[in-house]
Amino acid sequence: MQLPPEVPLLAQLPPDWPAPEALGFGQYLGPYLVECQHRAEGGWGAPCLTPRAASPLPVASGATQYGLSVFEGLKAYRDASDGIHLFRAPEHAQRLQRSAERLHLPVPPQALILQLCRLAVQVHADYVPPHGRGSLYLRPTLFAEEECLGLRPSMRHRLSIVVTPCSDPLPKSVRLWAEPELIRAAPGGLGAAKTGANYAAGIGGLLRAKERGYDDVAWLDAATHTQLGEAGTMNLFVQIGDEVFTPPLDGTILAGITRDCVMTLLAERGIACHERVLTLAALTQAGTEGTLGSAFGTGTAARIARITAIGDGQREIRFRETGLIESVHAALKRAQEAPGDGGRAWCDTVEPMGA
């Protein structure tokens, strides 16, 4: 890895660093970026380390002007033996590749993505909170950096990883606003890609939700505004009777890695989980019949969030406690923090720098 002469090999924690429980999420950024450049005429270069404060932001780049960027979000955890591992890193790398393909960006090799992720963790090893008290969140971002006005594929790109240590997310409860007018994604669009355009399209719905006293937005289908898609930053699960349902991956929602974990964990507990269209009318009917149970959202940042209600201005669908959320939350936390839990290959060990 290339290092500027003034950059030390390992980042040191500042003396006034907060306790893990006070980190929150995304508030404290690691001092270095682990990066790799791509040029159309030469392909991918060698990994390098850049002080975050020195990273340029080309205002006329394709990323800034036309949204030509994609990103990922994954976490590194410290185990009970003080070792560090990445959670489901290959799956995150594969999703970054799919997002890059959709936006016609150069697709980084999976081995390169994983190499940069490991380097980012190694450089910021001191920033990984103690076992059970938080994690190091990694944000790999691929973007067009060539400055040129006019929409076209860029000739220069950069894959850069910024990190932020964060607290262990506590279980939280949210009420969702089922947005009846605005559309975030439609079939054939960018809904399945993890790109800034999706989040830009979603900010209006989030603000409308908060104006109405809700915590977040639940997006509905673009054609009829009757079918649940996903929340602002979470996939959705609903319990009806003895079964659990989650909206299908129809190209308008993100294929969440945490979503996939939860489906596996439910199956291991003998709980049937199906991908199925969920309409507001069907949830209302299940509530009337007394079969509507718990609902929750899943995501890398929040892990699992309890959904207490979904409203659209005409009705408010209320969910009840069944013990399901606590059980799944505990199983997921255990799997994330304990490599090899249950015999799964979900964790990749990160060796110390120089090992």
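The values are calculated or read from the model by the stated rules, or taken from the named source; none is laboratory data. Note that this is a predicted model, so its numbers are computed, not measured. Please note: Cβ atoms are built from the backbone with ideal geometry, for glycine as well, and neighbour counts cover all protein chains shown. Accessible surface areas use protein heavy atoms only, side chains included; no ligands, DNA or RNA. Shrake-Rupley method; radii C 1.70, N 1.55, O 1.52, S 1.80 Å.
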Can you tell me which residue among Val328, Val244, Val238 is in contact with a Cys (Cβ under 6 Å, 6 or more places away or on another chain) and open to solvent by less than 20 Å² (accessible area, probe 1.4 Å)?
Val244
Close pairs (6 angstrom Cβ cut-off, 6 or more residues apart or separate chains): basic (Lys, Arg) in the stretch 161-178, open to solvent by 10 Å² or more (accessible area, probe 1.4 Å) anywhere:
Arg175/Tyr214; Arg175/Asp215; Arg175/Thr308
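Residues are listed down the side, and each one gets a yes or a no for (1) basic (Lys, Arg); (2) in contact with a helix residue (DSSP H, G or I) (Cβ under 8 Å, 6 or more places away or on another chain):
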residue	(1), (2)
Phe143	no, yes
Leu149	no, yes
His157	no, no
Pro165	no, yes
Pro169	no, no
Leu176	no, yes
Pro180	no, no
Arg184	yes, yes
Within the stretch 198-214, track down each residue that is open to solvent by less than 30 Å² (accessible area, probe 1.4 Å) and hydrophobic (A, V, I, L, M, F, W, C).
Ala209
Filtering the stretch 36-53 for residues that are hydrophobic (A, V, I, L, M, F, W, C) and part of a strand (DSSP E or B) leaves a count of 4
Out of Ala178, Ala201, I need the residue that is at pLDDT below 95, more than 30 Å from Pro18 (Cβ to Cβ) and among the small types (Gly, Ala, Ser). Which one?
Ala201
Every residue in the stretch 54-69 that is assigned to a helix (DSSP H, G or I), open to solvent by 40 Å² or more (accessible area, probe 1.4 Å) and touching a residue at least 12 places away in the same chain (Cβ under 8 Å), please.
Gln65, Tyr66
Mind listing just one residue for me: the one in the stretch 222-235 that is more than 24 Å from Ala301 (Cα to Cα) and not polar (S, T, N, Q) and, of those, least open to solvent (accessible area, probe 1.4 Å)?
Ala222
Go through the stretch 287-298 and count every residue that is at positive phi and within 18 Å of the chain's Cα centre (by Cα).
0
Do you know which of the residues in the stretch 169-179 that are open to solvent by 50 Å² or more (accessible area, probe 1.4 Å) and not in a strand (DSSP E or B) is farthest from Lys75 (Cα to Cα)?
Pro171
Pull out all pairs, ordered by first then second residue, where Cβ-Cβ is under 6 Å, the residues are six or more apart or on different chains, the first lies in the stretch 112-133 and is more than 17 Å from Asp348 (Cα to Cα), and the second is in a loop (DSSP other than H, G, I, E, B) and hydrophobic (A, V, I, L, M, F, W, C).
Asp126/Leu13
Against the definition (open to solvent by 10 Å² or more (accessible area, probe 1.4 Å) and without any contact (Cβ under 8 Å) to a residue 12 or more places away in the chain), how does Thr252 come out, yes or no?
no
Please verify whether Ile203 is on the phi < 0 side of the Ramachandran plot, within 17 Å of the chain's Cα centre (by Cα) and free of Cβ contacts under 8 Å to residues at least 24 places away in the same chain, treating the condition exactly as stated.
yes
Listed residues Arg306, Arg334, Arg320; which is part of a strand (DSSP E or B) and open to solvent by 30 Å² or more (accessible area, probe 1.4 Å)?
Arg306
So which pairs qualify, if the first residue must be in the stretch 17-37 and on the phi < 0 side of the Ramachandran plot, the second must be part of a loop (DSSP other than H, G, I, E, B) and among the charged types (D, E, K, R), the Cβ gap must be under 7 Å, and the two must be at least 6 apart or on different chains?
Pro20/Arg133; Glu21/Arg133
With the structure loaded, tell me whether Cys261 is open to solvent by 20 Å² or more (accessible area, probe 1.4 Å) and closer than 26 Å to Leu96 by Cβ or whether it fails that test.
no
